[in-house]
1. Hey, among the residues in region 180-214 that are of a type in the set (Val, Ile, Thr) and in contact with a helix residue (DSSP H, G or I) (Cβ under 9 Å, 6 or more places away or on another chain), which one's nearest to THR106 (Cα to Cα)?
2. Considering (1) at negative phi; (2) in a helix (DSSP H, G or I); (3) surrounded by fewer than 14 Cβ atoms within 10 Å (Cβ to Cβ), say which one GLN43 fails and leave the rest.
3. Is it the case that some residue within region 22-31 is under 19 Å from the mean Cα position of the chain (by Cα) and either surrounded by fewer than 13 Cβ atoms within 10 Å (Cβ to Cβ) or not in a helix (DSSP H, G or I) (or both)?
4. Inside region 46-64, can you point out the residues that are more than 20 Å from LEU108 (Cβ to Cβ) and assigned to a helix (DSSP H, G or I)?
5. For region 193-205, does any single residue satisfy the condition of being within 25 Å of ASN99 (Cα to Cα), open to solvent by less than 80 Å² (accessible area, probe 1.4 Å) and touching a residue at least 40 places away in the same chain (Cβ under 8 Å)?
6. Checking the structure you have, find out if any residue of region 115-131 is within 17 Å of LYS92 (Cα to Cα), over 14 Å from the mean Cα position of the chain (by Cα) and modelled with pLDDT of 95 or more.
7. Hey, among the residues in region 180-199 that are more than 15 Å from the chain's Cα centre (by Cα) and basic (Lys, Arg), which one's farthest from VAL223 (Cα to Cα)?
8. Sort through ARG39, ARG76 and tell me the only one that's basic (Lys, Arg) and in contact with a helix residue (DSSP H, G or I) (Cβ under 7 Å, 6 or more places away or on another chain).
Amino acid sequence: LTAKAAKVLGKRRDFNKYDKLARETLKAIREEYFTSKGRCGVQTQTALSLSIVHDLPPNGMIKPSVENLRKLLIDRNYHICTGFIGSQILCKALTIGDNYDDAMSTFLQETYPGWLYPIKMGATTIWERWGALQPDGKVSPDGMNSFNHYCYGSICEWIYCDVCGLNPVEEFPGFKRVILRPHPSRQLKYAQATYESPMGRFECGWRITDRTVTYTFSIPFNVGAKLILLNLKKNEVISTSFDIKEERNDVVAELTHGEYEIVYKYKNSYSEIPNKYK
């Protein structure tokens, strides 16, 4: 990050210094914590999530970290087991690893420890500890039991960027260009995000009915957006107000200012979806 800042500011000497330091640090991390086949030497939810999100394994070999992270979650019945650093990126790591259903199962976990446990206990704010309030309604005897503490709320980045799909493009600061890449979920069925950016208001979301998914987007003036609808074919789209095309396994489109809607048909009806996703 320091190297990037130096480059943007035109400080070439600082850029060279910190870019070299970053590359040396990454090399040292790979030599210390990863095997030649990409296995991480620290098998925790946080370490594996960091490996995936920051592409730490050698030669991009994140598959072992993806598989082991998923196994850790399944063994804990989708209960989170991280500190402040890992909680922010756990669902992001699962999504990058093409395990989005597991990310949503973790996010929707209603028992302790999980994001919906405080909500089931009546919380209207984010707690400092997963179990600050015990199932019997008593405050945990542990110290530091703030009932209004931001960190676990950092999951909202994943909700905005991955669930609803609003992603700024780094090379175009201030949201002058975005990538819209939503991930609809049969477990959630509906999501909607609004963001007041320096360029204006963005809105993006989706809704699942029995057999269709409806996406809606609103893009402010002077903004370019690339829409990516994942794992979708052009002939599966049944209604759209703009031109679309296929790119690899996805449907894509270039959008400018305006309001948009696109509808596609699910291969299976909601009644045929496994109970775990209802």
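1. Pass one, region 180-214, residues of a type in the set (Val, Ile, Thr): 194, 208-209, 212-214.
Pick out the ones that are also in contact with a helix residue (DSSP H, G or I) (Cβ under 9 Å, 6 or more places away or on another chain) and you get 208-209.
Details: ILE208: 20, THR209: 23 Å.
Restricting to residues being of a type in the set (Val, Ile, Thr) and in contact with a helix residue (DSSP H, G or I) (Cβ under 9 Å, 6 or more places away or on another chain), the top hit is ILE208.
2. In the conditions (1) at negative phi; (2) in a helix (DSSP H, G or I); (3) surrounded by fewer than 14 Cβ atoms within 10 Å (Cβ to Cβ), GLN43 misses (2) alone.
3. From region 22-31, those under 19 Å from the mean Cα position of the chain (by Cα) are none; that's our starting set.
Scanning region 22-31, I find no residue that is under 19 Å from the mean Cα position of the chain (by Cα) and either surrounded by fewer than 13 Cβ atoms within 10 Å (Cβ to Cβ) or not in a helix (DSSP H, G or I) (or both), so the answer is no.
4. Residues of region 46-64 that are more than 20 Å from LEU108 (Cβ to Cβ), as a first pass: 46-48, 50-64.
Selection gives THR46, ALA47, LEU48, LEU50, SER51, ILE52, VAL53, PRO58, ASN59, GLY60, LYS63, PRO64.
5. yes
6. Taking region 115-131 and keeping what is within 17 Å of LYS92 (Cα to Cα), we get 115.
Applying the additional criterion that residues be over 14 Å from the mean Cα position of the chain (by Cα) yields 115.
Filter once more, so that each one left must be modelled with pLDDT of 95 or more: 115.
Yes, because at least one residue in region 115-131 is within 17 Å of LYS92 (Cα to Cα), over 14 Å from the mean Cα position of the chain (by Cα) and modelled with pLDDT of 95 or more.
7. Initial filter on region 180-199 (more than 15 Å from the chain's Cα centre (by Cα)): 186-187, 189-190, 194-199.
After this cut, where a residue has to be basic (Lys, Arg) as well, the list is 186, 189.
Working: ARG186: 31, LYS189: 28 Å.
The extreme case among them is ARG186.
8. Result: ARG39 is the single residue among ARG39, ARG76 that is basic (Lys, Arg) and in contact with a helix residue (DSSP H, G or I) (Cβ under 7 Å, 6 or more places away or on another chain).
The values are calculated or read from the model by the stated rules, or taken from the named source; none is laboratory data. Since the model is a prediction, treat every value here as computed from it, not as a measurement. A quick note on method: Cβ atoms are made from the backbone with ideal geometry, for glycine too, and the neighbour counts reach across all protein chains shown. Ligands, DNA and RNA are excluded from the accessible area calculation, which covers all protein heavy atoms including side chains. Shrake-Rupley method; radii C 1.70, N 1.55, O 1.52, S 1.80 Å.
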